[in-house]
Every structure is written in C-alpha cells, then in structure tokens.
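Working notes, beginning with the structure itself.
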Amino acid sequence: MNDAEFIVQEAQRWLRFAAEDLDAARRLLADRSSAPRHVCWHSQQAAERALKAALVLEGIDFPFTHDLNALRNLLPDSWPVREDLAELTGWAVQARYPGQWPEPSAADAVRAESEARAVHNVIEAEFRSRGL
C-alpha cells in the first residue's frame, strides 16, 4: 500500500467512526428515555470526526481540539462546510461533565443531532464526489 492509499483508508476510517457516532445519536434520540446529553455528546463527536476525516484526506495536520469551528477553518475553501459550529462544540464538555451550565434539553439534542448530520452529510458527499 502506498502513502496515498493509506491516507484514503485513514480518512475513510475517520468518516466511518463519525457515521457510527451519528448513528448512536440517532438511536438515542429515538429512545425518549435516553438522556439528551448523550445525544449531544455523540453528535459533537460525529461532527468532529467527520471534519477530521476531511482534514486527513487533505493531508492537513490538526491540533488536539474539540473546537469544530477551528477544525472547519483548517479545511480548504473548496470544502462546503460553512455552518457556525460553536453550539455543537460546547457539547464536547458540557454534555460529559457537570458544571456551571444547564443540562441539555430534548430540544438541544434534536438540534445537535441535526447539525451533526448536516456536517457529516456534506463531508460524506464530498468524499463521494471524489470517488471515495
């Protein structure tokens, strides 16, 4: 396997992990007995991993961060991810730890899953447009 093939495989692996997190968020969202914070956290992770998949594919090193806007801003302008992801970024911490913030609501969970799905779908579509 050459370097280009390895990069594509790694990028696809990141995108698969993102899809698995998005699937978990969808299943938790459908189960009304699930805590909304779990949906929010899996949604944030899905978007983060999808963005990192795109960065891997582009050969762009990325910092250890959960800041989705910072990751999005590392992508070349040709990537059609333009949403403000600040709210979704917050769930990386706020959904996992108690703190000086309100717990996520059911509406927060619906919004987080929808935003993550939009990010994932755009990135997945770009992978497909490149024949991957």
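Out of curiosity, is Gln44 in a helix (DSSP H, G or I), of a type in the set (S, T, N, Q) and either crowded, with 17+ Cβ neighbours inside 10 Å or in contact with a strand residue (DSSP E or B) (Cβ under 6 Å, 6 or more places away or on another chain) (or both)? Taking the combined requirement at face value, the residue satisfies it. When the stretch 62-77 is filtered for residues that are assigned to a loop (DSSP other than H, G, I, E, B), charged (D, E, K, R) and surrounded by 14 or more Cβ atoms within 10 Å (Cβ to Cβ), only Asp67 remains. Quick one: how many residues across the stretch 20-35 are in a helix (DSSP H, G or I) and open to solvent by 40 Å² or more (accessible area, probe 1.4 Å)? Residues in the stretch 20-35 being in a helix (DSSP H, G or I) and open to solvent by 40 Å² or more (accessible area, probe 1.4 Å): 6 in total. The residues on offer are Val56, Val8, and the sole one that is surrounded by 15 or more Cβ atoms within 10 Å (Cβ to Cβ), aliphatic (A, V, I, L, M), in contact with an Asp or Glu (Cβ under 6 Å, 6 or more places away or on another chain) and more than 22 Å from Ala109 (Cβ to Cβ) is Val56. If you go through the stretch 78-113 and keep only what is surrounded by 12 or more Cβ atoms within 10 Å (Cβ to Cβ), of a type in the set (Ser, Thr, Tyr) and closer than 16 Å to His38 by Cβ, you end up with just Ser105.
The values are calculated or read from the model by the stated rules, or taken from the named source; none is laboratory data. Nothing here was measured: the structure is a model prediction, and the numbers come from that model. Glycine gets a Cβ as well: all are built from the backbone with ideal geometry, and neighbour counts include every protein chain shown. In case anyone asks, the SASA skips ligands and DNA or RNA and just uses the protein heavy atoms, side chains included. Shrake-Rupley method; radii C 1.70, N 1.55, O 1.52, S 1.80 Å.
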